[in-house]
Every structure is written in structure tokens, then in C-alpha cells.
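Read-outs throughout are calculated quantities, based only on the coordinates presented, and are distinct from any laboratory measurement. Source: prediction; values computed, not measured. Note that each Cβ is placed from the backbone with ideal geometry, even for glycine, and that neighbours are counted across all protein chains shown.
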Amino acid sequence: MYRMALMALIADDLPGVNRERAIKIALVHDIAEAIVGDITPSDGVPKVEKSRLEQAALNEMCNVLGGGMRAEEIKELWREYEDNASLEANLVKDFDKIEMILQALEYETEHDRILDEFFLSTAGKFQTEIGKSWAAEIIARRNSRLAKKLN
């Protein structure tokens, strides 16, 4: 989440994108995971149930944070992300995938492993030009590292 917020902060200006809103979405997009954990497709939880669990967790977190206008803003930002309902949400969804493959590359480098599944799971799924560009850069660095390792 922190690295994604930094990505939103440092990204080139994009037409029609509200940088502050993108940063806020990046900060709150995983807030429900503080309670329910990171539910992935491999967990076998149906989408409807995942959504219900996360919505309940979001409501609980917003109550813990004291409710009010800021809690409502957090709920709105979270829903916008979940629904992929804006350019900012599209961008942050891309940053989420970029962060995942960047972290996978770091783990590969640090632990001398191959983690193809992370790269395969994001292939062709980037929505924005900056997402596609940054992903291509990470993949190029990975391919360069793997090529050196083979030689």
C-alpha cells in the first residue's frame, strides 16, 4: 500500500487523473485486509462471500476510526477501487499488480528462486499505459537477470 501510494505520487502527470485521489485510493484499497486477511482466488472463497467479508471489515475499520466524514470518504474510495470505477482506480489497480511483480522480482533476486506464477497472473491485465510501461520495465529487468544467471 505504501509503495503503491508512492507510485501514484511519482507517476508522470496523466490527463484526467487526480493524483491526490489516486494516492488516497492506494492508501485505503487494502484496508479490509487488516481484518479478513488477503483473500486470493486460490483460497476458494466465492466472490460474493469475499465482497461481503471485506465490506463488513471495512465498516468495522471505519467504526474503529471514529466514523464521520472521513470514514465515509474511506468507504467511497474503497468502493471506487473495488468497482474499478474511475481512471484513478484503474491506475491504482495497475499499481497493485506492478507492486506484486516488483516484490516477486525482489524475492527472486534475494532468494534465488523463480516465481513465474506472479508474472503470468498479471500478463495482459494492465489497463493504463503507465501500468503497461512500468510492468514492461520490471519484466525486462527480470529477463536480463535470468539471462545473466544462465550464462
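Worth pointing out:
- Projected onto its three principal axes, the C-alpha set of the chain covers 59, 38, 24 Å, listed from the longest axis down.
- Charges were assigned to the Cβ only: +1 to each Lys and Arg, -1 to each Asp and Glu. The resulting dipole of the stretch 1-52 about its Cα centre is roughly 140 debye.
- Note on the stretch 69-151: Kirkwood radius taken over Cα pairs, Stokes-Einstein applied at 4 °C and 1.567 mPa s, translational D equal to 92 µm² s⁻¹.
- For LYS75, the lysines whose Cα falls under 27 Å of its own Cα, not counting residues fewer than eight places away in the same chain, are LYS24, LYS47, LYS50, LYS93, LYS97, LYS125.
- Fully extending the segment from ASP83 to PHE118, taken as 0.36 nm per residue of separation minus the present Cα-Cα distance, adds 10.3 nm.
- Along the axis of the charge dipole computed for the stretch 27-151 (Cβ charges of +1 for Lys and Arg, -1 for Asp and Glu, origin at the Cα centre), the listed residues ILE114, ILE101, GLN55 are led at the positive end by ILE114.
- Check: the stretch 1-108 dipole with +1 on Lys, Arg Cβ and -1 on Asp, Glu Cβ, in debye: 220 debye
- Additional length obtainable on full extension of the chain from GLN127 to GLU33, 0.36 nm per residue less Cα span: 31.5 nm
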